[in-house]
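Okay, so here's the structure we're looking at.
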Amino acid sequence: MSAKCLSPGGKVRSMVNQTLKDFIVTRILPGVTTPAQYIGGELNSTPKDHREVRGLVCLAFPDTYALGMSHHGLQVLYSLMNAADWACERAFTPLPDFEKALREHDLPLYGLETFTPLNRFDVLGFSLQYEICYTNVLTMLDLGGITLHAVDRGPDETLVIAGGPGAQNPELIAPYIDLFVVGDGEPSLPIVCELWKSMQGDPNLSREDKLAKIAGSVNWAYVPRFYEHQYAPDGTITAIERTRSDVPAAIKACVIDCLDASPLPTAPILPFVETAHDRIAIEIMRGCPWQCRFCQSTVIKRPLRFRTVETIVNAAMESYKNTGHDEISLLSLSTSDYPDFEKLVTRMSEVFTPLGVKISLPSLRITETLKKIPALLAEGRRGGLTLAPEVARDDMREQIRKPINNQDLYDGAAEAFRRGWRKVKLYFMCGLPGERPADLDGIIDMAETIARIGKDVTGRYADVVASVSNFVPKPHTPYQWNGMQTREYFHWAHKYLRSRVRIRSVTVKCHDIERSLLEGILTRGDRRVAEGLEEVWKRGARLDAWSEYFDSKLWWSTFAELGIDVPFYSQRERPVDEILPWDHIHVKKGREYLAKEQNRSIVQLEAMAGAV
């Protein structure tokens, strides 16, 4: 069976592409893992008759269904576009067994709602949440029947767009994307879709003309084909130049001014299979009042905006009625910094605890408020307390600009133990600029102190997990000029941390080093690394965020064969005046602010070194 025979004239007109669906359901799905993730039809999904809508857009999440269906942003945009005169569908990266079956039968990857092949949509939008997923983008384009390289696509072929954190350095994946949206997706996605649809079929406009019209009409749309990098003999960038004068020289972020007026998805899709987060998610605030030097999100999500308590509680109740979920997660970069935090948590607990619904606070800042939280949630089901001190020593905390107090952490943990909590998970980083053995000692000391507090309060050591990630300097942060630590350093640091543990209830879990090193080049590389990305994909790289599929040797050998210097991109210290691959993407406070913060950091590092 060929994909070419799926519908007459190459145009999808039926509500469901029944031929493709029947074949996949009866011939393919019985032989693959977790077939329910490929069938669609979930509660609250929205299949539409394509003959009755303005256009077709598919939201493509470049990872598995289990992860993609847990992503709040996908539910937001899905609800938004389907509330308009568009048919919005979903697609995810298939597991290798399903990909193999599709290829063996010459079948396309499709939108779950109507089994429409991806190349029949007007717009295909990728959410780039994690750079390690970039090979999945290529898999989905290829399986969907979409021309891989953007410059080779015809005038009316599917418009391939992308947004999310990955759009902050779009260069490495630029050859495959027609247009990047920088900033908030709620206002930008409908605009791009409408502009593209309005130009479809115009014989007087080439694809380049259409893309230029979109890019020229807003200041947040980046079309890579209209920009070129110039390089010096040493490989550094000497200039980023436009090839057309009718597109912006600098790309800014699209921003929602009033978050409270932006609708929440109150009828989220209920997956058929278990996902990473089976719960209701309510975004209460966007942005962060703090300015941690390592954090990209706090930079790119400015300014700070929040929803009212009434809006949040009403949306949560409507979502509960539409799903029956028994957990509600209040999302933001720093939930306890919400202006009416105590009022919100108290109100949510009053409304939902009698219904047996747990209130989850996944992102808490360590402040005096922390010790009040257990009491506010006292009647809820008690799981673990999750906190992110990042580092344990005050001088390193000052250097990364995360001013928290250890005593607040200890007081909060003690109160949680008194009220029934038994586990604490702490997020730390290793490999930060200026890190010393004393900083690693502090991680273990902090974890064991909390374990002892548990014993003091309850009579038994508390279970404490210290989750340690490997620091990757991110674009648009003050640390963007810093180099990443080496493989050898991370191996030493992880071994050192584990050797310091003395209390059995304390566990140290370190992130995979090879995957972190790959993230380093994928997040800091330029278009010259794209060749390596494509070649490693052709050699079989798939689902690299998953340990069972990730093959680091394949990546490193491919880069070596192509002459791609990994340390040049990921581990090299860059002078503050060097042009970076993402400098044409502007953030709210600008490059001057980042450079000033980096210079202050250097001064503080020198002071730390002198104090040792």
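The residues listed here are Leu355, Leu330; of these, the one that is surrounded by 21 or more Cβ atoms within 10 Å (Cβ to Cβ) and either among the hydrophobic types (A, V, I, L, M, F, W, C) or not assigned by TED's automatic domain parsing to the domain that holds Gln75 (or both) is Leu330. Can you name every residue in the range 39-69 that is small (Gly, Ala, Ser), farther than 21 Å from Asn322 by Cβ and either surrounded by fewer than 16 Cβ atoms within 10 Å (Cβ to Cβ) or in contact with a Gly (Cβ under 9 Å, 6 or more places away or on another chain) (or both)? The answer is Ala60, and nothing else. Being assigned to a strand (DSSP E or B) and closer than 19 Å to Gly185 by Cβ holds for only one residue in Val76, Val57, and it is Val57.
None of Arg422, Arg436 is at negative phi, at pLDDT 90 or above and either surrounded by fewer than 22 Cβ atoms within 10 Å (Cβ to Cβ) or not assigned by TED's automatic domain parsing to the domain that holds Leu355 (or both) except Arg436. From the list Arg207, Arg242, Arg286, Arg279, pick out the single residue that is under 19 Å from Leu179 (Cα atoms) and in contact (Cβ under 8 Å) with a residue 40 or more places away in the chain. Only one candidate passes the filter, namely Arg207.
Ala276: small (Gly, Ala, Ser) and crowded, with 17+ Cβ neighbours inside 10 Å, yes or no? It is false that Ala276 is small (Gly, Ala, Ser) and crowded, with 17+ Cβ neighbours inside 10 Å. For the range 476-483, the condition of being under 26 Å from Lys301 (Cβ atoms) and aromatic (Phe, Trp, Tyr) holds for at least one residue.
For the range 149-170, the tally of residues that are more than 18 Å from Asn219 (Cα to Cα) and in contact (Cβ under 8 Å) with a residue 60 or more places away in the chain stands at 2. Applying the criterion of at least 3 residues that are out of contact with any His (no Cβ under 7 Å at 6 or more places or on another chain), free of Cβ contacts under 8 Å to residues at least 12 places away in the same chain and not assigned by TED's automatic domain parsing to the domain that holds Asp439 to the helices (runs of 4 or more DSSP H) found wholly in the range 473-563 leaves 552-561.
What about Thr147, is it assigned to a helix (DSSP H, G or I), among the hydroxyl-bearing types (Ser, Thr, Tyr) and more than 14 Å from the chain's Cα centre (by Cα)? For Thr147, the condition - assigned to a helix (DSSP H, G or I), among the hydroxyl-bearing types (Ser, Thr, Tyr) and more than 14 Å from the chain's Cα centre (by Cα) - is not met. When each of Gly412, Gly454 is tested for being under 22 Å from Arg498 (Cβ atoms), touching a strand residue (DSSP E or B) at 6+ places or on another chain (Cβ under 9 Å) and outside any strand (DSSP E or B), the lone residue that passes is Gly454. Of the residues making up the range 150-184, those that are in a helix (DSSP H, G or I) and either of a type in the set (Val, Ile, Thr) or under 19 Å from His476 (Cα atoms) (or both) are Val151, Pro165, Gly166, Ala167, Gln168, Glu171, Leu172, Ile173, Ala174.
Of all residues in the range 536-588 being among the basic types (Lys, Arg) and surrounded by 15 or more Cβ atoms within 10 Å (Cβ to Cβ), which is farthest from Arg515 (Cα to Cα)? Among them, the one singled out is Lys588. Evaluated against (1) buried (at least 22 other Cβ atoms within 10 Å of the Cβ); (2) at pLDDT 90 or above, Leu377 falls short on exactly one condition, (2). Out of all the residues in the range 288-316, which are assigned to a loop (DSSP other than H, G, I, E, B) and touching a Phe, Trp or Tyr at 6+ places or on another chain (Cβ under 8 Å)? Those that are assigned to a loop (DSSP other than H, G, I, E, B) and touching a Phe, Trp or Tyr at 6+ places or on another chain (Cβ under 8 Å): Arg293, Phe294. In the same structural domain as Val472 (by TED's automatic domain parsing) and over 23 Å from the mean Cα position of the chain (by Cα): which single residue out of Met285, Met317 fits that description? One residue alone meets the criteria, Met317.
Selection within the range 249-266: residues that are among the small types (Gly, Ala, Ser) and surrounded by fewer than 17 Cβ atoms within 10 Å (Cβ to Cβ). The member of this set that is nearest to Ser601 (Cα to Cα) is Ala250. Within the bounds of the range 514-528, is there any residue that is on the phi < 0 side of the Ramachandran plot and more than 20 Å from the chain's Cα centre (by Cα)? Yes - at least one qualifying residue is present in the range 514-528.
The values are calculated or read from the model by the stated rules, or taken from the named source; none is laboratory data. Please read all numbers here as calculations on a predicted model, not as lab measurements. Reconstructed Cβ throughout: ideal geometry from the backbone, glycine too, with neighbour counts over all protein chains shown.
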